[in-house]
Amino acid sequence: SSSYGYFAGGRVPSASPQYVDTVDRIDFSSETRSLLGDNLPQGRSRLAPTSSDFYGYFGAGYNNPGADTVDRIDFSSETFSAPGNNLSKARWYLAAVSN
């Protein structure tokens with residue numbers, strides 16, 4: 001959004017991987033970080049994000065094996081939902097862009 005940035009997912013570095021479902025928010029005006037409170041439905045790393053004016057999307061990722069999941073965050077309510085369409089196949093290390 002124009003006010004906040006969101007960091008989602010990831011992996012805790014350890015011998016036995018722990019895939020993260022938490023979402024951190026950064027306030028652009030104060031550069032402070034906070035936990036969002038609504039998490040991804042599933043922990044995974046190597047996500048690809050993209051956004052529109054109203055929604056942010058976190059696609060695919062890795063959680064042994066790869067994922068085809070797309071999760072959507074509504075910027076106005078900061079809640080997650082599934083938009084109903086996943087990617088064509090499971091993958092990770094992908095990139096995204098929006099216009």
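Considering the stretch 59-71, and only residues there that are hydrophobic (A, V, I, L, M, F, W, C) and touching a Lys or Arg at 6+ places or on another chain (Cβ under 8 Å), the residue that is surrounded by the fewest Cβ atoms within 10 Å (Cβ to Cβ) turns out to be Ala60. Checking Gly43, Gly37 one by one, the residue that is assigned to a loop (DSSP other than H, G, I, E, B) and at pLDDT below 90 is Gly37 and no other. Filtering the stretch 52-75 to residues that are assigned to a loop (DSSP other than H, G, I, E, B) and over 19 Å from Asp24 (Cβ atoms) leaves Ser52, Asp53, Phe54, Ala60, Asn64, Pro65, Asp68, Thr69. Looking across Ser14, Ser29, one residue alone is surrounded by fewer than 11 Cβ atoms within 10 Å (Cβ to Cβ) and modelled with pLDDT of 95 or more. It is Ser29.
In a residue-by-residue description of the stretch 3-15, the property of being in a loop (DSSP other than H, G, I, E, B), over 9 Å from the mean Cα position of the chain (by Cα) and in contact (Cβ under 8 Å) with a residue 40 or more places away in the chain applies to no position.
The values are calculated or read from the model by the stated rules, or taken from the named source; none is laboratory data. Remember, predicted model here, so these are calculated numbers, not experimental data. Note that each Cβ is placed from the backbone with ideal geometry, even for glycine, and that neighbours are counted across all protein chains shown.
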